[in-house]
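First the structure, in the form of structure tokens, and then the observations on it.
The values are calculated or read from the model by the stated rules, or taken from the named source; none is laboratory data. Given the structure is predicted, the values throughout are model-derived calculations rather than measurements. Every residue, glycine as well, gets a Cβ built from its backbone with ideal geometry; the counts of neighbours run over all protein chains shown.
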Amino acid sequence: MNLEVDVNHRQGEFVLRARFQSDGRLTALFGRSGAGKTTLVNMIGGLIAPKEGRIVVNERVLFDAQQKISVPRHQRRIGYVFQEGRLFPHLNVRQNLLFGRWFTPRLRRVVAFEDVVSLLGIETLLHRIPVTLSGGEKQRVAIGRALLMDPEMLLMDEPLASLDDERKAEIYPYIERLRDDGRVPIVFVTHSVAEIARLATTIVVLENGRVIAAGAASDVLRDVTLFPAFGAGEAGVVLEARVEAHDEEFGLTVCRVRSGQLTVPRIKQPTGTVLRLRVRARDVIVSVEEPKGLSALNVLPGRIVAIEMGAASADIAVDCAGDPVVARLTRKSVHELALQPGLPVHLIIKSIAFEGDIASVPAPEI
């Protein structure tokens with residue numbers, strides 16, 4: 001599975017120049033509103049023809065301006081999932097799902113109806129109508145309808161943007177399962193750091209119509225300079241951890257990172273599972289001495305490698321045995337603690353800070 005994009009396009013005053021390659025599993029197009037994410041995904045889907053460039057999905061050329069190739073959108077075999085789901089209100093769930101079959105000739109149908117229903121956990125919904133479904137249930141049905149087109153790629157344009165945190169938590173596992181087991185490459189449009197940290201295998205960061213970063217999620221997420229612009233709450237890093245033990249009495253899970261252990265709220269994963277833990281800069285406290293007598297369970301030793309001063313705050317980049325961690329402090333705290341590059345410190349992180357920011361690492365391809 002692979003995706004190759006190299007396009008130039010002008011639309012009014014807006015100019016999009018994007019070039020990247022992806023392994024095709026779940027490619028997240030990330031950026032602010034107006035960065036060019038939806039324009040780019042519409043080019044892949046055939047809704048917009050670039051002025052110049054080339055688009056290739058699984059070795060199949062969908063667009064090549066120089067060779068005058070432009071496969072019509074109805075022949076691209078691409079499923080589209082929108083923010084609102086867009087289910088037919090007069091049809092029940094089964095009928096909405098089967099509508100996707102109309103787009104694929106019978107002899108080319110590979111995906112089984114029962115397999116899609118099982119993958120998305122919607123067996124009990126088949127006879128219900130859309131008005132009776134929750135937002136998360138509607139999106140699962142919309143994904144199922146797109147999968148039953150037997151697509152060569154699935155485009156998801158901010159499919160979680162209209163959902164609250166509870167509904168998002170409901171649908172995350174199904175998108176993860178689709179990413180790992182569905183064998184259909186996904187392009188996922190979002191402006192949420194939490195979503196790319198949890199779901200992406202490849203990240204393409206767009207800004208003002210330009211690709212400013214692209215690569216494996218583990219690499220892009222370590223670049224702390226890419227995300228502070230999306231708000232103080234978004235700045236941070238993602239650490240890879242392994243489940244070591246569960247504390248059933250207190251509802252906690254102990255994970256191993258490079259510089260020590262992190263205790264997080266109890267998760268339903270067996271020991272040995274590799275996880276992504278998102279650590280927000282705002283949730284990290286810095287101590288120049290080894291802390292004692294704290295309620296916080298997580299203390300990681302490290303050494304300051306850089307300090308980026310802002311108007312009222314500062315981002316402190318700390319190396320914790322090879323794991324980069326960022327703490328956001330006030331400038332006054334930096335001054336009073338006499339923080340500077342090279343200084344050994346201890347980072348304190350509350351266990352409850354990880355709620356909602358834990359995800360399984362994408363399973364390796366076989």
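Just to check your reading of the model, which residue among V116, V111 is at pLDDT 85 or above, surrounded by 11 or more Cβ atoms within 10 Å (Cβ to Cβ) and assigned by TED's automatic domain parsing to the domain that holds E52? Talk me through it step by step, then tell me what you get.
Numbers: V111 fails: at pLDDT 85 or above.
Testing whether each residue is at pLDDT 85 or above, surrounded by 11 or more Cβ atoms within 10 Å (Cβ to Cβ) and assigned by TED's automatic domain parsing to the domain that holds E52 leaves just V116.
If I filter the stretch 86-108 for residues that are closer than 24 Å to I196 by Cα and among the aliphatic types (A, V, I, L, M), do I get at least one hit?
Taking the stretch 86-108 first, the residues closer than 24 Å to I196 by Cα are 86.
If we keep only those that are among the aliphatic types (A, V, I, L, M) as well, we get none.
Within the stretch 86-108 (the criterion being closer than 24 Å to I196 by Cα and among the aliphatic types (A, V, I, L, M)), the answer is no, since none of the residues qualifies.
Among the residues of the stretch 202-220, those identified as under 9 Å from G36 (Cα atoms) and not in a loop (DSSP other than H, G, I, E, B) are L206, E207, R210.
When A197 is tested against (1) outside any loop (DSSP other than H, G, I, E, B); (2) modelled with pLDDT of 85 or more, only condition (2) is not met.
Look at A49 and say whether it is under 22 Å from Q11 (Cα atoms), surrounded by fewer than 16 Cβ atoms within 10 Å (Cβ to Cβ) and among the small types (G, A, S).
yes
Here T104 passes the criteria (1) over 27 Å from K268 (Cα atoms); (2) at pLDDT 85 or above; (3) among the polar types (S, T, N, Q) except the one numbered (2). Looking across the stretch 252-295, the residues that are under 28 Å from the mean Cα position of the chain (by Cα), touching a residue at least 40 places away in the same chain (Cβ under 8 Å) and assigned to a loop (DSSP other than H, G, I, E, B) come down to R258, S259, I267, Q269, T273. Could you check the stretch 36-54 and list, in sequence order, the residues that are of a type in the set (S, T, Y) and under 17 Å from R19 (Cβ atoms)? Of everything in the stretch 36-54, just one residue is of a type in the set (S, T, Y) and under 17 Å from R19 (Cβ atoms), namely T39. Within the stretch 329-355, being assigned to a strand (DSSP E or B) and surrounded by fewer than 16 Cβ atoms within 10 Å (Cβ to Cβ) holds for T330, P344. Of the residues V205, V237, the single one that is within 19 Å of the chain's Cα centre (by Cα), at pLDDT 90 or above and aliphatic (A, V, I, L, M) is V205. Take R128 and decide whether it is in the same structural domain as V189 (by TED's automatic domain parsing), surrounded by 20 or more Cβ atoms within 10 Å (Cβ to Cβ) and among the basic types (K, R). No; evaluated as a whole, the condition is false for this residue.
Mind telling me which of the residues F227, F188 ends up being crowded, with 21+ Cβ neighbours inside 10 Å, touching an Asp or Glu at 6+ places or on another chain (Cβ under 8 Å), modelled with pLDDT under 85 and of a type outside the set (D, E)?
F227
In the stretch 312-327, how many are in contact with a helix residue (DSSP H, G or I) (Cβ under 8 Å, 6 or more places away or on another chain) and not acidic (D, E)?
Adding up the residues that qualify gives 6.
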